[in-house]
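Read the figures in this text as sums done on the coordinates, not as results from a lab. This structure is a prediction, so every number in the text was calculated from the model and none was measured. Virtual Cβ from ideal backbone geometry, glycine too; neighbours counted across all protein chains shown.
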Amino acid sequence: MRGIIHFFWVLLICSCTTDEQNDVKPSNLESTIEGREIAISSVIACAGNSEDGELVNVYFYPRPGVTNIRYFETETVNEDPNAYGNYTEQQPPLRGIFNDYLQFFEVDPEHEKWVIITFEENGVVHISNPIRLRHLTQITEFLPENVSVDNGEQPTMPEFTWVDGNFGDSIIYFHVVSTQDDDLLSGTYTLEKNFQYYKLDNVVLNITREIPPELELDVRYNFSLLAVTEDNWVNLFSEITFSLQ
């Protein structure tokens, strides 16, 4: 008799445990940062359609040594993007580009929404600005022909210029010069539609960690461009290969 009672107690405990596990909800950003020291707008991040259009890539710059990188999203785009209680944590795949100098979450959202990236650095939780996903109504364009390169006057310091695509609400431009092995040489932001390697006269934000090397003649390099809106959506992604003559 005792054996039968013990058996039913085990079944009851297991059933309750399973129910409790099924009721566990994703972490809420507001509760996650409660009582923690935080730094707002201190994660550089944006998002755009993948080139095949099937997914959305949420890009960010993980400064060396950061830990506990997390992704949060709202249910729809109608929630207040500045209310952290509207964001719940999800765990999409995390990928790297430029040999992990930059990283991105690969997400497959059914609806347009707001997302936020966080990570920890020296005990502080750093939080990105809200990123508006526009993957259904403002699909990222992939247009390499929008970029021109000129290295006439200073052969090892080429100047890149570009034009917007169909969407005219981009306010900032992120550009990367990289090697054919995908090593990032420089990563910079300008408000203007031009950048000269490696002059910082019009650069408003620089994520280049060290002074980059001088470019060599007859070596092939890549130039990548992201045109970004005020709410951190990538309107345009362009990439060209160039060499200096």
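Dividing the mean sequence gap of close Cα pairs (under 8 Å, 6+ apart) by how many residues the chain holds gives a relative contact order of 18 percent. Gyration tensor analysis over the Cα atoms of segment 29-132 returns equivalent ellipsoid semi-axes of 21, 19, 10 Å (largest first, whole Å).
Across segment 218-232, coupling constants 3J(HN,Hα) worked out from phi with the 6.51/-1.76/1.60 Karplus curve, θ = phi - 60°, read 6, 10, 8, 10, 10, 10, 10, 10, 10, 9, 10, 7, 4, 9, 6 Hz, and Gly and Pro carry x.
For the chain, the dipole from Cβ point charges (+1 on Lys and Arg, -1 on Asp and Glu) about the Cα centre works out to 680 debye, to the nearest 20.
Over all Cα atoms in the chain, the spread is summed up by Rg and Dmax: 22.6, 95 Å. Working note: 222 nm ellipticity from helices only, DSSP H runs with n ≥ 4, each -39,500 (n - 2.57), summed and divided by the residues of the chain, gives -3000 deg cm²/dmol to the nearest 500. When you count the other C-beta atoms within 10 angstrom of each residue and take the mean per peptide, 212-218, 231-237 line up highest first as 231-237, 212-218. For ALA83 and GLU37, what does the FRET efficiency come to when R0 = 22 Å and r is the distance between their Cβ atoms, rounded to the nearest 0.05? Computed FRET efficiency for ALA83 and GLU37: 0.65.
The GluC sites (Glu not before Pro) of segment 64-139 that DSSP puts in a loop, and whose beta carbon has at most 10 other beta carbons within 10 Å, are GLU110.
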